[in-house]
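First the structure, in the form of structure tokens, and then the observations on it.
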Amino acid sequence: MTSTLQLWIPTLFGLEGLCAGELRRLGLPSVRAENGRVLCGARPEDIPRVNLNLRTGERTLILLGQFPADSFDALFEGTRALPWEDFIPRDGAFPVKGHALNSTLHAVPACQSILKKALCKRLGSVYGLEDLPETGALYQVQFSILKDTVTLMLDTSGDSLYKRGYRARNMGAPLRETLAAALVSLSRYKGRDPFCDPFCGSGTIPIEAALIAKNRAPGLNRSFAAQRWRWLPSRLWMDAADEAMDHEFHGAYDIWGGDIDPAAVELSRHNAELAGVEDTVRFDVADAARFHRDEPKGRVVANPPYGERLLEKKAAEELYRAFGRAARALPGGWQVNVLSSHTEFERAFGKPADKKRKLYNGMIKCDLFMYGTS
């Protein structure tokens, strides 16, 4: 197994630059941001470090190979030529999944079948087996076929990295933890000023703010597929966890979340306990229309209801209008960042944004409306 790897980190659109910055701060080499993904060099010991520490990436994949293929024969031969045995042992389970776009090979089930046969042929030949047992650890193979170029990868994460392990359920439409962390990072919150979310829902934004303030690795409370891989010794995972905990901060922080729904506030408190930040963030039943703080400066980051249907849009506009009045009454040093897909947000809020940034909440195209920024 080579000591030099290439990682492929998918991201939500708009978060590539943030993810690239995280990887550079972790000391990863050759970081390159592209549309919807970030690539970088790595050593085996970096796989635990990236999985544990990354806040804005969706998962950590090992790039095994890329080659052109406009026929099933080319797909089979290109796949069989790769050194799968360097990564997958004789008893490893290796299901295949992926997607194809703008390619001659567009039938995903047929591509899956060809890829599986090629892997079986390669691994069976190396291990001297007619039938591979696949009774061991999971080595999920992912493929992408884009414009007749095949990309083959192994998934080290298992569950997506946005699944931090602290949110068993959510209130209404969920905001991914990776996007919540990005919203906090884009507000340039570092833990020094008060931080508020008047629409906290299940508490995701304040909890991610608390993790950032404490510099706590978001993956410490969960497991990863590659923890069962034989060529990644368990000591590498323990070393990465020790390193992450050594870099934690221990201070006093003013992080608050409010919601008009008592059930949401109760759930937020429960999630904060699961995340281990119940001593860092507090939640209260509160009306965003009456939100106010007396401190001279601070950060507001919020993801209010968008109002996807007609009647909901009217209600959302009323909510934005009331919250806009409350936000404009804050002292001049406050910054307010609001994520919304509503096309009339600025009009309803009562003020054009100082800056806007296009982001995606799942498949919903949104803008981050930024007020009070320089």
Go through the residues of the stretch 293-300 one by one and say whether even a single one is modelled with pLDDT of 95 or more, of a type in the set (Gly, Ala, Ser) and open to solvent by less than 10 Å² (accessible area, probe 1.4 Å).
yes
Answer residue from the stretch 247-257, given it is under 14 Å from residue 207 (Cβ atoms) and not β-branched (Val, Ile, Thr) and is surrounded by the most Cβ atoms within 10 Å (Cβ to Cβ) among those:
257
When (1) of a type outside the set (Asp, Glu); (2) open to solvent by 30 Å² or more (accessible area, probe 1.4 Å); (3) under 19 Å from residue 83 (Cα atoms) are applied to residue 140, the one that fails is (2)
Within the stretch 184-212, work out how many residues are touching a residue at least 24 places away in the same chain (Cβ under 8 Å) and farther than 25 Å from residue 340 by Cβ.
1
Where a residue in the stretch 64-75 is free of Cβ contacts under 8 Å to residues at least 24 places away in the same chain and surrounded by 15 or more Cβ atoms within 10 Å (Cβ to Cβ) and its partner, wherever it lies, is outside any helix (DSSP H, G or I) and of a type outside the set (Ser, Thr, Tyr), with Cβ under 8 Å and at least six apart:
74/67; 74/68
Restricting attention to the stretch 322-342, does a residue exist that is of a type in the set (A, V, I, L, M), in a strand (DSSP E or B), surrounded by 13 or more Cβ atoms within 10 Å (Cβ to Cβ) and free of Cβ contacts under 8 Å to residues at least 40 places away in the same chain?
yes
So which residues in the stretch 105-126 are free of Cβ contacts under 8 Å to residues at least 40 places away in the same chain and either in a helix (DSSP H, G or I) or open to solvent by less than 40 Å² (accessible area, probe 1.4 Å) (or both), if there are any at all?
108, 109, 110, 111, 112, 113, 116, 120, 123, 124, 125
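The values are calculated or read from the model by the stated rules, or taken from the named source; none is laboratory data. Note that the structure is predicted; figures quoted are calculated from it, not measured. We place every Cβ from the backbone using ideal geometry, glycine too, and count neighbours over all the protein chains shown. Areas reflect the complete protein model, heavy atoms only, side chains present, ligands, DNA and RNA absent. Shrake-Rupley method; radii C 1.70, N 1.55, O 1.52, S 1.80 Å.
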